[in-house]
1. Select from the stretch 255-280 the residues that are within 18 Å of the chain's Cα centre (by Cα) and either within 13 Å of the ligand (Cβ to nearest atom) or acidic (Asp, Glu) (or both) and list them in ascending order.
2. Restricting to the stretch 320-346, give me the number of residues that are open to solvent by 10 Å² or more (accessible area, probe 1.4 Å) and either free of Cβ contacts under 8 Å to residues at least 24 places away in the same chain or under 20 Å from Thr374 (Cβ atoms) (or both).
3. Can you name the residue in the stretch 286-319 that is part of a strand (DSSP E or B) and within 16 Å of the ligand (Cβ to nearest atom) and, of all such residues, is nearest to Ala132 (Cα to Cα)?
4. Return the only residue of Arg123, Arg85 being in a loop (DSSP other than H, G, I, E, B), surrounded by fewer than 18 Cβ atoms within 10 Å (Cβ to Cβ) and touching a strand residue (DSSP E or B) at 6+ places or on another chain (Cβ under 8 Å).
5. Which condition number in (1) in contact with a strand residue (DSSP E or B) (Cβ under 9 Å, 6 or more places away or on another chain); (2) under 20 Å from Leu369 (Cα atoms) is the one that Gly216 fails?
6. Looking at this structure, is Leu388 touching a residue at least 24 places away in the same chain (Cβ under 8 Å), closer than 28 Å to Leu441 by Cβ and more than 16 Å from the ligand (Cβ to nearest atom)?
7. Out of the stretch 70-82, which residues are in a helix (DSSP H, G or I) and open to solvent by 20 Å² or more (accessible area, probe 1.4 Å)?
8. From the list His283, His233, His227, pick out the single residue that is modelled with pLDDT under 95 and either farther than 15 Å from Ala206 by Cβ or within 16 Å of the ligand (Cβ to nearest atom) (or both).
Amino acid sequence: MMKYATIHADDAAIPGLIAVIEERRGWWSRLGTDLFLCVANDGWPGLARALQDAGHVLGVQGSVRQGALWLVVQKGRAFQREHPRARVLLDKGRYLVAELTKAQAERMAARGEGCFQVMALPRNAAVFQTHAPRRARAMPPAAPALVAGVQDEVFRQAITHLVSYRTRHSTSADYAQAAAWAQAQFQALGLAARTVPITVGGGTSANVIATKPGLGPDAGQVLVVGHLDSVNHPGGPDAPAPGADDNASGSAGVLTLAAAAAAHDFAHDLTFILFGGEEQGLHGSTQYVAGLEGEARARIRAVLNMDMIGSVNAQPPAVLLEGAALSQPLIDRLAEAAGAFTDLDVQVSLQPFGSDHMPFLDAGIPAVLTIEGTDGANDAIHTANDLLDRIDMGYALQILRMNAGWLAQEAGLAEPALPRPDAPAAGCGNAGPAAFDQAVLAAQNQLAGHYQALLAQYARLDRDGLLAPGDLVERQSLWALCDHLRSDCG
Ligand SMILES: [Zn+2]
């Protein structure tokens, strides 16, 4: 047997804590703001004393069999629902430290059902890290205009519509209807959109793909994706599967970002994709990646996946950025955008699992999943109870603002040209005044975006109890200015 313990620790305390553990021949695994530590029985008294002397407070502690520690990554509560008697030593929602025999773990890992994954618990490494929001270095000057174009109403209408289908099971007639609706939504934004059939087991489903060409000389491609299908595991294929969080939230997110981007020019091509067959094993994204020619594959600069962005599972609210080592630059820029445009904590994991970013990562294409932060989990997913009451619209919009700020940078958002009001109309016709009105609107959007970023900073100060009376007055007047510009500011 060995001893294990958990310790709650913030960023600043972690290095000192790790030094004490390693000095005493223990090992650790970091899960957000918790360290899981382990040591041989005879090393325990010395380590426990050293930790207490250094002022650390031990959380849960106990004994565990040698070689029986495993990391579980799960969707919702899939693992705990299927294995209610398994001993969970640390529960961080999407991530669990569980005690399993090697045979149990291997059996579970081999089954590969796609709803959870069992793997070795990383030693002296992080499963995921949590950071308080960081200040952004530099965003493109036009980024706030794109962020301000993320409209509450667009998201709300899209998610409400998607949940209104009885099911969006990949091979159902309802799915085909939802896909046709989504295609029409893209087309109404002026984007070229098509529905591409895919196979799912013995049946058929579809991906919906919309494109917006970039204006740059060597345009690459940036993909914004999410899965449109839903599932009801206990009820089977014919049971109601509203899939509000999983994944009407991400699908509505893709449509909302498309709507925000439609009014702008970018250097790179934008491709928006709603995949089918995700819940049956990532079929839509796997077939999409398999169908890419070498050149098309090489043009992809980045893939942003949204899967479950509506349920608040951590306090303070956080967003989880999940990718592989090759996703790190994307993750860094997303974290910066979160700092600039939201008051969310940022969690980062390089243990990617279980969604449409995987086939891209497997093909060596930089991809990242943006998903609701973890500590708890939304236990309603994959059931008839995954309804809108689980969705916090304001929270989802924060994730979308982060993603819009990121997209502005990654896809090379062009700054709007500002023609002078008295300038003669360019070319033929009388385009001058209309172009001027458009430029004013763009400038107003940009200003509203800056206000929004400032309000996010105020919200963060407020949360940390750092708002002085003078700040409150400034915040009030900022709100008033914002109201004046846009109804949805802040
Ligand atoms: Zn999902």
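1. Leu274, Phe275, Glu278, Glu279
2. Final tally of qualifying residues: 5.
3. Ranking the candidates gives Val319 first.
4. On the way: Arg85 fails: touching a strand residue (DSSP E or B) at 6+ places or on another chain (Cβ under 8 Å).
From the options Arg123, Arg85, the qualifying one is Arg123.
5. In the conditions (1) in contact with a strand residue (DSSP E or B) (Cβ under 9 Å, 6 or more places away or on another chain); (2) under 20 Å from Leu369 (Cα atoms), Gly216 misses (2) alone.
6. No.
7. Once the filter is applied, which keeps residues that are in a helix (DSSP H, G or I) and open to solvent by 20 Å² or more (accessible area, probe 1.4 Å), the stretch 70-82 yields Gln80, Arg81, Glu82.
8. When all the criteria are applied, what remains is His233.
The values are calculated or read from the model by the stated rules, or taken from the named source; none is laboratory data. Quick caveat, the model's predicted, so the values are computed rather than measured. Every residue, glycine as well, gets a Cβ built from its backbone with ideal geometry; the counts of neighbours run over all protein chains shown. Heavy atoms of the whole protein, side chains included, go into the accessibility calculation; ligands, DNA and RNA do not. Shrake-Rupley method; radii C 1.70, N 1.55, O 1.52, S 1.80 Å.
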